[in-house]
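Data block below; observations after.
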Amino acid sequence: MRIVVDSYAWVELFIGSNKGRIVKERLGEANEVYTPDIVLAELARKYRRERVEARIVETRLSKISELSRVIPVDKSIALKASELDSELREKAKADGLSEPSLFDAIILATTKILDANIVTGDEHFKGRPEVVWIGE
């Protein structure tokens, strides 16, 4: 199986939660593991806001790079993300969720371009056919 791991899943893995154990299992089962490069930026921002030590943040980002192939946003991903952005927004509105971020559209676009499944617990992706759900 080819998987894309989003920020939600990496956070759960690093905190060692029950959801994180599921992520660890999926990583072990996968033939190929990918992480969009914007996930690194999103996590760095999150941890900075939470005042996590820089050394810990660097270690976590390095671990992601060891466990997965980091995929840069290229032209095809950017174009696909622009397509998916409005779809994600419409679904979020219909489901009564907050507006999804551009990060969400880029992560989903990367998943589609790679013909992969996305490991996540992010409500914006719930119910999609390419999702490996770790939420409750």
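Some points to look at:
- Enumeration of residues in segment 1-18 that are in a helix (DSSP H, G or I) and either surrounded by 13 or more Cβ atoms within 10 Å (Cβ to Cβ) or under 15 Å from the mean Cα position of the chain (by Cα) (or both): Ser7, Tyr8, Ala9, Trp10, Val11, Glu12, Leu13, Phe14
- Some residue of segment 116-130 being hydroxyl-bearing (Ser, Thr, Tyr), touching an Asp or Glu at 6+ places or on another chain (Cβ under 9 Å) and over 16 Å from Ile3 (Cβ atoms): no
- Glu90 vs. criteria without any contact (Cβ under 8 Å) to a residue 60 or more places away in the chain and loosely packed, with under 12 Cβ neighbours inside 10 Å: yes
- Residue among Arg45, Arg21 that alone is part of a helix (DSSP H, G or I), closer than 17 Å to Val119 by Cα and not acidic (Asp, Glu): Arg21
- Screening Asp85, Asp115 for residues that are out of contact with any Gly (no Cβ under 8 Å at 6 or more places or on another chain) and not in a helix (DSSP H, G or I) leaves exactly one candidate, Asp115.
- Test: residue in segment 27-42 that is under 18 Å from Thr110 (Cα atoms), over 11 Å from the mean Cα position of the chain (by Cα) and either among the charged types (D, E, K, R) or at pLDDT below 95 (or both): yes
- Figure legend. Inter-residue proximity from segment 66-77: first residues among the polar types (S, T, N, Q), second residues surrounded by 12 or more Cβ atoms within 10 Å (Cβ to Cβ), beta-carbon distance below 7 Å, spacing 6+ or different chains. Indicated pairs: Ser68/Val5; Ser68/Val33; Ser68/Tyr34; Ser68/Thr35; Ser76/Ile113.
- Hey, Val4 closer than 17 Å to Ile106 by Cβ and either touching a strand residue (DSSP E or B) at 6+ places or on another chain (Cβ under 8 Å) or of a type in the set (Val, Ile, Thr) (or both) or not: yes
The values are calculated or read from the model by the stated rules, or taken from the named source; none is laboratory data. In this text, all values refer to a predicted model and were calculated from it rather than measured experimentally. Methodologically, a virtual Cβ is constructed for each residue, glycine included, from the backbone with ideal geometry; neighbour enumeration extends over all protein chains shown.
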